[in-house]
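Single-structure report; data block below.
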Amino acid sequence: MDESTFSLKNGTMVSGDRYTIESLIGAGGFGITYKAVDNSSNKVCAIKEYVPLGLCSRLPDGKLIAMGGDKTEYYEHGKQRFMEEAQCLMTLRDIPNIVRVMNCFEERGTAYYVMEYLKGCDIKHLMRRMPGGKFCVEDAVNIIGIAATSLQQIHATKMMLHRDISPDNIFFCDDGAVYLIDFGSAKHICQQQDQNFSVVLKPGFAPIEQYSRKGAQGTYTDVYALAGTLYYMLTGVMVPSATDRVNGKGYEPAYQVCPDIPRSLSDTIDKALELDYKQRLQTAYEFAQGITQYRRENAVDAVVTETAAAHEEKTKTISIYDRKKVEDIQGVSNDIVARRKPKPYVEIANSEFSGKRWIIPLQTELIVGRSSAVSNIVVPSFAAVSKEHCHIMFDEKEDCFFVYDTSNNGTTTEQIVCPKEQWIPIRNQHFIILAAVCCLKIGVDYE
């Protein structure tokens, strides 16, 4: 795409005079993304404009027009899909680690949606900067674990498939946050066996069922793509396309490509890459549990960043997480915290009970669950949450939360799936997900 021809000029206002275009972020085959300012709040945002390459041209006043003939039909169909993506993303605003869309509108003969501004790059581009073109095990598992946790919530609470998980659709921010992006291929899960799906795929990440409009697609479809992405991040090598695999082309298990990859992690990836979806791991939760099994086997604390640093020395790959930077993000330095009294809390972040908050007494272990008979913190209206789901406490000396899972359906954080009956440290201002349905925010106020 010739950006100088198609992009809006800096200073252009869209949606009336609400947003001002500041600069171009990037352009692809179907759209242009800009950095902009929301003039109603003076906050920076990102705006994506529908501009399908080869189907339209830009007039001097900034308006887009279709080129006529069949291209007009294709242009209008694409614009409808673009707006559907925006509306899809707007329904996911209560799920952590999904890019938030605040607004969408049509103007200048095309469509736009407004997103939170993310500073960083996607995993595909980040890998190009990594020595050896691959991630260390800890970082790769952390990133995919976050994506899997978000996907599990999307599958379970929104009944939606992403259908385009790949390294270029997982975004890593400069502050260490991870986001799933690009829901242009998302579809609602349907129970009917004769449902038609559009054929959207990326070879190496799409399972065989995505190659057919009649393919039996389900949560396991996204699981395959997650596994293909993790394999690529760990080895720097793509899994052969599903059609090539059906025709007999194999791939080396991850632990054979890179001997430092734990065998149990490699085996979980293989289970998620089964060609027959009935033999494949079925849910993102199962996959997230499987890829962290080696940590439980080796009693490795997944949150402590020194683990990744030690692994870096062993594998000669470099961790993307910087300890000092993480500490800076966490907030006040230890000497300042020591002079102020912490007031830790747990707060429901989704459902009609969003905003309900409990204060956690210092050095006190509390039970979180569905039953008021056994739990100190009772989260109502979530049938999947266990009566006694997990224990939580705040350690003032460590300035850190700790979570202990006792549930039937699992407890996850933005970083990992919590192992059963083991205290796991969780950083301030993060989320705890109960049974993939109840999102709890943890934080500390200081008096």
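The values are calculated or read from the model by the stated rules, or taken from the named source; none is laboratory data. Just so we're clear, the structure is a prediction, and the values are computed from it rather than from any experiment. Here Cβ is always computed from backbone atoms with ideal geometry, including for glycine, and neighbour counts include all displayed protein chains.
Structural remarks
- Residue within the stretch 83-97 that is in the same structural domain as Met13 (by TED's automatic domain parsing) and more than 30 Å from Ala436 (Cβ to Cβ) present: no
- Per this entry, Ile144 is not counted among residues that are β-branched (Val, Ile, Thr), closer than 17 Å to Val239 by Cβ and in contact with a Gly (Cβ under 9 Å, 6 or more places away or on another chain).
- Total residues in the stretch 207-243, condition hydrophobic (A, V, I, L, M, F, W, C), closer than 20 Å to Gln279 by Cβ and modelled with pLDDT of 85 or more: 7
- Subset of the stretch 102-152 [in a strand (DSSP E or B), buried (at least 23 other Cβ atoms within 10 Å of the Cβ) and under 15 Å from the mean Cα position of the chain (by Cα)]: none
- The residues listed here are Ala46, Ala27; of these, the one that is more than 17 Å from Val99 (Cβ to Cβ) and under 23 Å from the mean Cα position of the chain (by Cα) is Ala27.
- Exactly one residue among Val51, Val44 is assigned by TED's automatic domain parsing to the domain that holds Thr110 and farther than 16 Å from Ala111 by Cβ, and that residue is Val44.
- Candidate set from the stretch 28-81 (those that are aromatic (Phe, Trp, Tyr) and touching a Gly at 6+ places or on another chain (Cβ under 7 Å)); member that is modelled with the lowest pLDDT: Phe30
- Failed criterion for Asp260 (all others in (1) among the acidic types (Asp, Glu); (2) assigned to a helix (DSSP H, G or I); (3) in contact (Cβ under 8 Å) with a residue 60 or more places away in the chain hold): (2)
- Within the stretch 212-251, the set of residues being touching a residue at least 60 places away in the same chain (Cβ under 8 Å) and of a type in the set (Asp, Glu) comprises Asp222 only.
- Of all the numbered requirements in (1) closer than 20 Å to Gly218 by Cβ; (2) assigned to a loop (DSSP other than H, G, I, E, B), Lys271 misses one, and that requirement is (2).
- Of all residues in the stretch 153-170, none that is at pLDDT below 80 has its Cβ atom under 7 Å from the Cβ atom of a residue that is assigned to a loop (DSSP other than H, G, I, E, B) and of a type in the set (Asp, Glu), 6 or more apart or on another chain.
- Residue match in the stretch 77-98 (condition: in a helix (DSSP H, G or I), in contact with a Leu (Cβ under 8 Å, 6 or more places away or on another chain) and not β-branched (Val, Ile, Thr)): yes
- Among the residues of the stretch 415-433, those that are in contact with a helix residue (DSSP H, G or I) (Cβ under 9 Å, 6 or more places away or on another chain) and either modelled with pLDDT under 80 or part of a loop (DSSP other than H, G, I, E, B) (or both) comprise Gln415, Ile416, Val417, Pro419, Gln422, Arg427, Asn428, Gln429.
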